[in-house]
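Beneath this line is the structure, given in structure tokens, with notes to follow.
The values are calculated or read from the model by the stated rules, or taken from the named source; none is laboratory data. Just so it is clear, the model here is predicted, and its values are computed rather than measured. So basically every Cβ, Gly included, is an ideal-geometry build from the backbone, and we count neighbours across all protein chains shown.
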Amino acid sequence: MSESDNGTSGHDESGGTRAMAAVAALGAAWLARKVITFGWKQVTGHEPPGGPEDPHVGVVEALSWAIILGASIEGARLMAMRIATRKMRRAAAGEIQQ
């Protein structure tokens, strides 16, 4: 949603809206990591790389894990924050109209 869509710059959000979006983002990131880890185990048959210092993990595998996990978590966080913010704005608008 752009600034012109709702007439706000996004910087004047209430503390409650920001807090709700942050909680939603944390939950989405946690869930995304669980889902991606499960999927990795199903596809590869073993645990995902534990860290960059692990000598048993190849560069391609470690890089693949980092890209998949990073993109998935950030995508989930983005969507959760947008959905939570939109719902809080609609709730606030509904209260004002009544």
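What the table shows:
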item	result
Unmet requirement for Arg33, which otherwise passes all of (1) out of contact with any helix residue (DSSP H, G or I) (no Cβ under 8 Å at 6 or more places or on another chain); (2) of a type in the set (D, E, K, R); (3) under 25 Å from Lys87 (Cα atoms)	(1)
Residues of segment 26-66 satisfying the condition of being under 17 Å from the mean Cα position of the chain (by Cα) and outside any helix (DSSP H, G or I)	none
Selection status of Lys41, charged (D, E, K, R), at pLDDT 85 or above and within 29 Å of Ala91 (Cβ to Cβ)	no
